[in-house]
Amino acid sequence: MFDDFFSRALIGGFGVAVVAGPLGCFIIWRRLAYFGDTLSHSALLGVAIALLLELNITLSVFIVSVLVALMLLLLQKRASLSSDALLGLLAHSVLAIGLVALAFMTWVRVDLMGFLFGDILAITTVDLALIWGGGAVVLAFLAKIWRALFAATVSYDLALAEGNKPDQVNLLFMVLMAAVIAVSMKIVGVLLITALLIIPAAAARRFATSPEQMAVIAIILGIVSVYIGLNGSLEFDTPAGPSIVVAALACFVLSVLPVNILRKRTGRSQKNLKDPDVGVS
Amino acid sequence: MLVSLENAGICRSEKWLVRGVSMTVDRGEIVTLIGPNGSGKSTTAKMALGVVAADEGVTKRKDKLHAKYVPQKLRLNSNLPLSVTRFLRLTDSADKVQIHSALRATETEHLAAVQMSNLSGGEFQRVMLARAILNSPEFLVLDEPVQGVDYNGEIMLYKLIEDIRDSLNCGILLISHDLHIVMSKTDRVICLNGHVCCSGTPAKVASSQEFKSLFGDRAASGLALYEHHHDHEHLPDGSIRTDKRTKTQNNVSSKNLVSNDVDEANENV
Ligand SMILES: Nc1ncnc2c1ncn2[C@@H]1O[C@H](COP(=O)(O)OP(=O)(O)O)[C@@H](O)[C@H]1O
Ligand SMILES: [Mg+2]
């Protein structure tokens, strides 16, 4: 069944949704949406470097994302520098540098749209192996650091005081994010990776009463979005990434809509999503 | 020894937040930090926990110290789906029985399934304390743990803190503005104002000139009741040492105050 491109796209997309769900939750809990953007936009630079040095694109994107993540972590440690403006500046400059670098390489023919918005036709069996293999490794690490990462998310000071190692898990989290960006680039494209990470998680928030539950619901909503989005993409000949994101957005809107019915059911234990940074990417 | 600071200080942007702090916390002892706002109490607590590294001096902690921390402020992101029970298991695993008994100790069993974001200020503090006492920690740092807790709750929680010290034999570093509580339940007091103004037993601190100039005569005269109480107990020949300032008060109410409890003491503030 891996023969036809559409099955490959679906299976790849599901793999991405499975890792994007839990990581997306952490992006929302830690208010890292802009951070994620900066990271994913740097992926294009990874593509340019891969083409220039004839490296594997996924590997190159992963390495560049890790380096950018480390740089961001360092900047964040020097608290005064980690402003919104700085992240915004970085996010779009790395994207621009990537685009310029690609334009310079006149000798390679690049499907720029494919990198920016995802290209379901281009997914190979090797990509599938990368997505599922890489995804499994990411999930294994995430499971291992889950409690410590969550504690560090709730309070860095508390986690540090009580014997966790928040710096270590934060670093590992950044590496995992870089890995997810590298493997999901082909499916959704660099411009919309953050959206795929955060929108299913944001939609899950409303139904969840525990962090673990929210991660699982985000995975399910991500899979649904990929399924609907890719079918839509095939049907209407629209780019894969935006179609998936539109489907995810539809899930989110549905999750917010029936306010009264849901409120009655979940009673005291729910509070609405009200952070401006969540839906934005 | 659980934790010790020796001449420790923290410097930020070329300004010393606190400096020259020396103290130790041992098992079974409550050490209290008092001082005005901004005097460096929270900073000192973080230094003791190793959350911030001292820029000067030496800090030591017992190897693999099992510490629990109730910070002064904990702002939870409203996007966190986090029930009280899950919050209690934040850094430690615990079974249902342990969680139940920690919640019962702080009178919050009925909140077990409630989301943290829906707790009132006082309920939140009680749950913070429940989390801190879970799984018998060796070292507890409580930074203004009863802020926003109702009157009876406050007395109950301070009693609980004392009980924990006794039953778990753990060391407690407490930051509190309730001077009466501090003086009656604490083994040692450290009075901060950017540096250590004075330290020692509650009686010694309450009678010191530095304490009086920092907290004013009113606080000092209220607390002198305890000073008398302590002096009385500590003199070997049983005689009562009365200095001029506290004499009148002693005459009026020393009988009551020897068997003082918290509520009465608070009314004297
Ligand atoms: N990271 C920091 N950078 C600069 N100043 C700080 C920092 N943290 C605390 N301060 C300052 O240090 C002083 C002591 O703070 P703190 O220990 O919280 O006081 P307290 O708990 O006694 O009220 C305050 O004046 C505060 O503004
Ligand atoms: Mg403080």
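The values are calculated or read from the model by the stated rules, or taken from the named source; none is laboratory data. What you are looking at is a predicted structure, and each value in this text was computed from that prediction instead of being measured. Ideal geometry is used to build each Cβ from the backbone, glycine not excepted, and the neighbour counts take in all protein chains shown. We work out accessible area using only protein heavy atoms, side chains counted, and drop any ligands, DNA or RNA first. Shrake-Rupley method; radii C 1.70, N 1.55, O 1.52, S 1.80 Å.
Can A:Lys144 be described as under 21 Å from the mean Cα position of the chain (by Cα) and open to solvent by 60 Å² or more (accessible area, probe 1.4 Å)? Yes; evaluated as a whole, the condition is true for this residue. Can you say whether A:Ala250 is more than 14 Å from the chain's Cα centre (by Cα), of a type in the set (Gly, Ala, Ser) and surrounded by fewer than 22 Cβ atoms within 10 Å (Cβ to Cβ), as far as the supplied structure shows? Taking the combined requirement at face value, the residue satisfies it. Filtered by the rule that a residue be within 11 Å of chain A (Cβ to nearest Cβ), touching a residue at least 24 places away in the same chain (Cβ under 8 Å) and either under 14 Å from the mean Cα position of the chain (by Cα) or part of a loop (DSSP other than H, G, I, E, B) (or both), the stretch B:47-62 gives B:Ala48, B:Val52.
In the stretch B:30-60, of all residues being within 8 Å of ligand 1 (Cβ to nearest atom) and of a type in the set (Ser, Thr, Tyr), the one that is surrounded by the most Cβ atoms within 10 Å (Cβ to Cβ) corresponds to B:Thr44. If the condition is being in contact (Cβ under 8 Å) with a residue 60 or more places away in the chain, part of a loop (DSSP other than H, G, I, E, B) and over 17 Å from A:Lys165 (Cα atoms), then the stretch B:63-79 contributes B:Pro71, B:Gln72.
Yes/no matrix, rows are residues, columns are (1) charged (D, E, K, R); (2) in contact with a Phe, Trp or Tyr (Cβ under 7 Å, 6 or more places away or on another chain):
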site	(1), (2)
B:Ser13	no, no
B:Gly28	no, no
B:Ile34	no, no
B:Ala54	no, no
B:Lys64	yes, no
B:Asn77	no, yes
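Which of (1) within 16 Å of ligand 2 (Cβ to nearest atom); (2) within 18 Å of B:Ile161 (Cβ to Cβ); (3) away from chain A (no Cβ under 14 Å) is the odd one out, the single condition B:Val70 does not satisfy? Here B:Val70 clears every test but (3). Among residues of the stretch B:1-29 being open to solvent by 10 Å² or more (accessible area, probe 1.4 Å) and within 16 Å of ligand 2 (Cβ to nearest atom), the one that is farthest from the other protein chains (Cβ to nearest Cβ) is B:Leu17.
Applying the condition of being open to solvent by 50 Å² or more (accessible area, probe 1.4 Å) and within 20 Å of A:Met177 (Cα to Cα) to the stretch A:73-88 and asking which residue is modelled with the highest pLDDT yields A:Leu74. Within the set A:Ala69, A:Ala33, A:Ala17, A:Ala50, the sole residue that is closer than 21 Å to A:Val175 by Cβ and within 14 Å of chain B (Cβ to nearest Cβ) turns out to be A:Ala33. Only one entry in B:Ser93, B:Ser117, B:Ser83 is of a type in the set (Gly, Ala, Ser), out of contact with any helix residue (DSSP H, G or I) (no Cβ under 9 Å at 6 or more places or on another chain) and away from ligand 1 (no atom under 16 Å from the Cβ), namely B:Ser117. Just one of the listed residues (B:Ser117, B:Ser167, B:Ser101) is in a helix (DSSP H, G or I) and at the interface with chain A (Cβ under 9 Å from one of its Cβ atoms), and it is B:Ser117.
Taking the conditions (1) touching a residue at least 24 places away in the same chain (Cβ under 8 Å); (2) in a helix (DSSP H, G or I); (3) open to solvent by 50 Å² or more (accessible area, probe 1.4 Å) in turn, A:Phe207 satisfies each one other than (2). Cβ-Cβ contacts under 8 Å between residues 6 or more apart (or on different chains), taken from a first residue in the stretch B:165-176 that is open to solvent by 10 Å² or more (accessible area, probe 1.4 Å) to a second residue that is more than 16 Å from ligand 1 (Cβ to nearest atom) and of a type in the set (Val, Ile, Thr), are listed as B:Arg165/B:Ile30; B:Arg165/B:Ile172; B:Leu168/B:Ile133.
Among the residues of the stretch A:168-195, those identified as open to solvent by 10 Å² or more (accessible area, probe 1.4 Å) and closer than 13 Å to A:Gly13 by Cβ are A:Val183, A:Lys186, A:Leu192. Quick one: which residue in B:Val182, B:Val141 is open to solvent by less than 10 Å² (accessible area, probe 1.4 Å) and modelled with pLDDT under 90? From the options B:Val182, B:Val141, the qualifying one is B:Val182. Please work out which residue is farthest from the other protein chains (Cβ to nearest Cβ), limiting yourself to the stretch B:80-98 and to residues that are of a type in the set (S, T, N, Q) and assigned to a loop (DSSP other than H, G, I, E, B). My answer is B:Ser93. Taking the criterion of being over 15 Å from A:Thr58 (Cβ atoms) and polar (S, T, N, Q), the residues of the stretch A:163-184 that qualify are A:Asn164, A:Gln168, A:Asn170. In a residue-by-residue description of the stretch A:158-166, the property of being assigned to a helix (DSSP H, G or I) and acidic (Asp, Glu) applies to no position.
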